[in-house]
Amino acid sequence: MAVVTFMRVVGAAIICLLISAACGNQTSSQVVYRRHVVTIAGSTSVMPFTEKLAEHFMIEHPNFIINVQSGGSTAGIQACLNRTVDIGMSSRELKHEEKSLTEIIICYDGIAVIVNPENPIRALSLQQIRDIFAGVLTNWKALGWIDRRIDAVTREEGSGTRSAFEELVMHGAAIDDGIMVQDSNGSVKEVVATDPYAIGYVSLGMVDTRVVALHVDYVRPSVETILARQYKIVRPFLYLINGTPSGPAQQFITYVLSKDGQKILEREGLIPVYAKK
Amino acid sequence: MPKNRAVLIDQIIKQTMRICAFSSLFFLFLIFLFILIEGLPLFYRVGVGNIIAGFKWAPTKGAFGIFPMIVSSFLVTIGALILGAPLGLACAVYLAEYAGKKKKLFLKPALELLAGIPSVVYGFLGVIYIVPLIRTYCGGSGFSLLAAAIVLGVMILPTVISISYDALMSVPRTYREGSLAMGATKWQTTYRVVIPAASSGILASFILGMGRAIGETMAVIMVAGNALRIPGSILDPLRTLTSNIALELAYASGDHRLGLFSTGVVLLIIIMILNYLANFVIRQKVIK
Amino acid sequence: MRLPPRFVNTLVALLLDLVALGTVGILVVIVCVIVVKGIAYIDLNFLFTYPEDMGRHGGVFPSLIGTIFLVALSICFATPLGLGTAIYLTEYTKETMMTKTIRFGVESLAGIPSILYGLFGFIFFVIKLKMGWSLISGALTLTIMILPTIIRTSEEAIKAVPRSLRIVSHSLGATLWETTLKVVLPCAAPGILTGIMLSIGRAVGETAAVIFTMGSSLRLPTSLFDSGRTLAVHFYILAREGISMEKAYATALVLVVSILAVNILAYYIMHKVIAKYS
């Protein structure tokens, strides 16, 4: 008998689920509850900041739901082209065939080259950084530290930070195959924070006390040096829209570009749009 | 007539059950179909040789070589076997031949619980404890073939133990009694009689352990460092087929994504061969 | 020089004893580390509040609910299918080429690594069926993944039911289905339950197949088509990106303890059944 009851319960549960599935579809199309849903996907570099902006935005607008997904710049651009998301996030410039999308620069971000705090080196030239990632320089001894292999960490293919780094630092030289690969800003930072002999690159906004951002060509990476156009490894953070955005999406973008939104970004170590003109 | 109704219901239910039974085959078919549909076109376009034997993986620049990853996958798997197989076999022998009833009651489930711990937890503990140990005492960054092999070595233990154990238990008692009666010690009996008699099952457990190791993803991504070159030493980082898919899938589009599905096709073929081998080895014993 | 066999015998017995204890030690160490490091950061608040700042602060409530929904759904889908397969294979057919093919299918499904399930779920459910990164995509993918476990354990449980019971039932005029439903299944229920428990354990700990089908949105999923982040995925992201080690250990604790509890319960039920039949 227990089994019969069990089967009945399972059956009932399945029916309930099917009904709820059907209802779920309806509510999203008819907007019965007046919930505005905005879906955003793309660059892992932009994601944490969008998440933060969304948190603040949703406090002020409780009837909004902002779904933020990471996935990488390329995925964000594609999703936006297919219209599977309202807003795409990218941390690299659009390629020629992607230019049908509208770009909205929400802020600028520096890419910091980071090492472990135990590492005494505090400055490198752009050429030295290029040599490390091209696999030419492989030992810290050549840079005046101990005789130990350099554990360089790069990002994976498709990452906006990687393509910005390739363009701004590597100048077309290939990143060596023997270099470690991690798939997000956070995991690159985590490797550098735990391995004294590591070197990597992350969004400047991610730098905290667990890692040290190197001076590049004698310039300290900071908001000031970027604004003064001295620190050169800078890329824009973009929101992408396909055609005219939906009302709720437009409202969120307006919020991001507003003084409040830009303040939040500034507090996170990014360079607001109005500052860099 | 009520009797007829019961028979009718019986028929309907039989057909429903039949559909259920075919669902597994249907799902298997779907999985193959979709991974092949997505993965094969690139083989045509780029060439099988350029993918399987190609050294350069730069999918956004049109290079889809996954040879280093195939080699790395096997290196990691062999490493895991070197560490995990003897240990697993020893545990199985202990459980089957030496452990008392009380001990067995506690040990067997405890060893099987190792299979329940999520792979992300293994990976995490590998990063926190094993990677720094290797970095400090062996050199390199610690994210390495060695770290991956150690983590996977532990992860394949439950597979090796439970299948070897079953094989050892299926050796008839008369074999053992005969050997002991001739004056052999317990170890001589185990080593010369029981293990050879169970050898095909033990071999199958190693092959299935290999399948488990080659298919593991999250733990490997966390500890292996994911570099694209074939590792020159056990302290070098490497990237397996599985980690290649998981690292880049979320990001990929167009040909890049197709390239990852091609990686999936290769992995699927390797896994099917291993499963078939294990099945074949086990069946050999039955025929004997 | 040869060592005396009796000496070798004792030595080996001792060594094997140590090896077995050492291997169990691995389990003990893993569980202890997680418990000791995590226990300080876990309380009811952690379980029932929303995460803030990407999980750096706050709790894991949405992930907890997301995990429960996901696992419940996939068990609901997989149990009838798996049970149906097991009943068909044991009660309704003899060993033929067809049942062999079905068994081969089940074995093959069991051998496919989770990342390939992720790859399949991503292309089929998420993209081709346009379900997006959602609860339902994740649940359907997991359904296929846990199906072999449920089929195998149910089949064994059903096979273990004594033939005499069936013969008696048939001789009383019951149809095959009546016999199965009223005689065989109640006897096999504990074994089937064990299979379900083991599947729950597997589904809760799964990452690779879930992250590409259910996504990683931190929000509470409120419909089948919402994305969500399970505890395992949340733990993976917390640990890998170094967001917060404290929260990572606490999440790991919830994960490991719940999986072990489910597994131990499963073994307990199985043990009871074995004790009953032998």
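Bridgeable lysines around A:K259 (alpha carbons under 24 Å apart, same-chain partners fewer than 8 residues away excluded): A:K52, A:K276, A:K277. Around the amide H of A:I65, modelled in the peptide plane, lie the amide H atoms of A:H36, A:V37, A:V38, all under 5 Å away and 5 or more residues distant in sequence or on another chain. Calculated FRET efficiency, B:R5 to C:I65, Cβ-Cβ distance, R0 = 60 Å: about 0.85 to the nearest 0.05. Ligands, DNA and RNA are left out, and with a 1.4 angstrom probe the accessible area of segment C:40-277 is 36 Å² per residue.
Taking only protein heavy atoms and a 1.4 Å probe, the accessible area of the protein assembly as shown is 65% carbon and sulfur. Take the accessible area of B alone and of A alone, subtract that of the pair with a 1.4 Å probe, and the total buried over both chains is about 2200 Å².
Farthest toward the positive end of the dipole of the protein assembly as shown, out of B:N50, C:T141, A:I264, is the Cα of C:T141, where the dipole comes from beta carbon charges about the Cα centre. With contacts taken as Cα pairs under 8 Å and at least 6 residues apart, chain B reaches a relative contact order of 26 percent. Rolling a 1.4 Å probe across the protein heavy atoms gives chain B an accessible surface of 41 Å² per residue. For chain B, modelled as a GNM whose springs connect Cα atoms under 10 angstrom apart, the maximal fluctuation among B:V131, B:V171, B:V265 occurs at B:V171.
Give me a comma-separated list of calculated 3J(HN,Hα) values for segment B:252-264, in order, Karplus coefficients 6.51, -1.76, 1.60 applied at θ = phi - 60°, integers in Hz, x for any Gly or Pro. Residue by residue, segment B:252-264 yields 7, 8, x, 4, 4, 5, 4, x, 5, 5, 4, 4, x Hz. In order along segment C:76-87, the Karplus-derived 3J(HN,Hα) couplings, from 6.51 cos²θ - 1.76 cosθ + 1.60 at θ = phi - 60°, round to 4, 6, 7, 4, x, 4, x, 5, x, 4, 4, 5 Hz, and Gly and Pro are given as x.
Determine, for each peptide in C:116-125, B:63-72, the mean count of other beta carbons within 10 angstrom over its residues, then list the peptides with the highest first. Intermediate values should be presented prior to the final figure.
Working: C:116-125: 25.8, B:63-72: 21.5.
Descending mean neighbour count gives C:116-125, B:63-72.
Between C and A, buried accessible area from a 1.4 angstrom probe totals roughly 2400 Å², ignoring ligands, DNA and RNA. Label positions at C:T10 and A:Q127, each projected 7 Å from the Cα along the C-beta direction, are separated by 7.3 nm. Interface residues of segment B:145-192, defined as a loss of at least 20 Å² in heavy-atom accessible area between the chain alone and the complex of all protein chains with a 1.4 Å probe, are B:V154, B:T185, B:W187, B:Q188.
Taking 26 Å as the straight-line reach from the Cα of C:K37, the lysines in range (excluding those fewer than 8 positions away in the same chain) are A:K189, C:K247.
Here the Karplus curve 6.51 cos²θ - 1.76 cosθ + 1.60, taken at θ = phi - 60°, turns the phi angles of segment A:56-68 into couplings of 5, 4, 6, 5, 7, 10, x, 8, 9, 10, 9, 9, 10 Hz, with x standing for Gly and Pro.
Among rounded, prolate and oblate, which fits segment A:110-227 when a ≥ b ≥ c are the square roots of the eigenvalues of its C-alpha gyration tensor, a/c under 1.5 means rounded, and a/b larger than b/c means prolate? Kindly include the intermediate steps, with their values, before the conclusion.
Details: a/c = 1.19, a/b = 1.05, b/c = 1.13.
Rounded is the answer for segment A:110-227, as its axis ratio a/c remains below 1.5.
Short-range pairs are left out: with C-alpha atoms under 8 Å and at least six residues apart, the relative contact order of segment C:40-277 is 28 percent. When chain B is treated as a Gaussian network with alpha carbon springs shorter than 10 Å, the biggest mean-square fluctuation among B:L145, B:L83, B:L107 belongs to B:L107.
Using a 10 Å cut-off on Cβ to Cβ distances, tally the other chain neighbours for every residue of B:121-132 and report the average as a whole number.
The shielding value for this peptide is 5.
Close lysine pairs were tallied over chain B: pairs 8 or more places apart or on different chains with Cα atoms under 20 Å apart number 5. Note on B:F106 and C:H57: the model spin-label points, each 7 Å out from Cα along the C-beta direction, lie 4.6 nm apart. Within segment C:24-65, which residues have the backbone N less than 17 Å from the label spot 7 Å out from C:A261 along Cα→beta-carbon, could you tell me? Label zone hits: C:31-32, C:34-36, C:38-49, C:60-65. Taking the Cα centre of each part, how many Å lie between segment C:189-232 and segment B:187-262? Cα centroid to Cα centroid, the span is 24 Å. Helix A:185-194 and the long axis of chain A differ in direction by around 50°, with both axes built from C-alpha atoms.
Amide H to amide H distances under 5 Å link A:C107 with A:F237, where only residues 5 or more positions off or on other chains count and H is placed in the peptide plane.
Residues of segment C:82-96 that bury at least 20 Å² of accessible area once all protein chains are present, compared with their chain alone (1.4 Å probe, heavy atoms only, ligands and nucleic acids left out), are C:L83, C:G84, C:T85, C:Y88, C:Y92.
Taking the solvent-accessible surface of protein heavy atoms with a 1.4 Å probe, what is the per residue accessible area of segment A:110-227 in Å²?
Values: 4010 Å² over 118 residues.
Accessible area per residue: 34 Å².
Counting only DSSP beta bridges with both residues in the protein assembly as shown, the antiparallel share comes to about 60 percent.
What shape does chain B take by its C-alpha gyration tensor, where a ≥ b ≥ c are the square roots of the eigenvalues and a/c under 1.5 counts as rounded, a/b above b/c as prolate, and the rest as oblate? Kindly include the intermediate steps, with their values, before the conclusion.
Values: a/c = 2.11, a/b = 1.16, b/c = 1.81.
Cα axes put chain B in the oblate bin.
Each part gets one Cα centre, and for segment A:202-264 versus segment C:74-127 those centres are 49 Å apart.
For the protein assembly as shown, what class follows from the C-alpha gyration tensor (a ≥ b ≥ c being the square roots of its eigenvalues): rounded when a/c is under 1.5, otherwise prolate if a/b is larger than b/c, else oblate? Intermediate values should be presented prior to the final figure.
Working: a/c = 2.06, a/b = 1.37, b/c = 1.51.
Verdict is oblate for the protein assembly as shown.
Counting only protein heavy atoms and rolling a 1.4 Å probe, how much accessible area do B and C lose on contact, total for both sides, in Å² to 100? Chains B and C together bury approximately 6800 Å².
The values are calculated or read from the model by the stated rules, or taken from the named source; none is laboratory data. All values reported here derive from a predicted model rather than from experimental measurement. Here the Cβ is made from the backbone with ideal geometry for all residues, glycine too, and neighbour counts use every protein chain on show. Note: areas computed on protein heavy atoms with side chains; ligands, DNA, RNA excluded. Shrake-Rupley method; radii C 1.70, N 1.55, O 1.52, S 1.80 Å.
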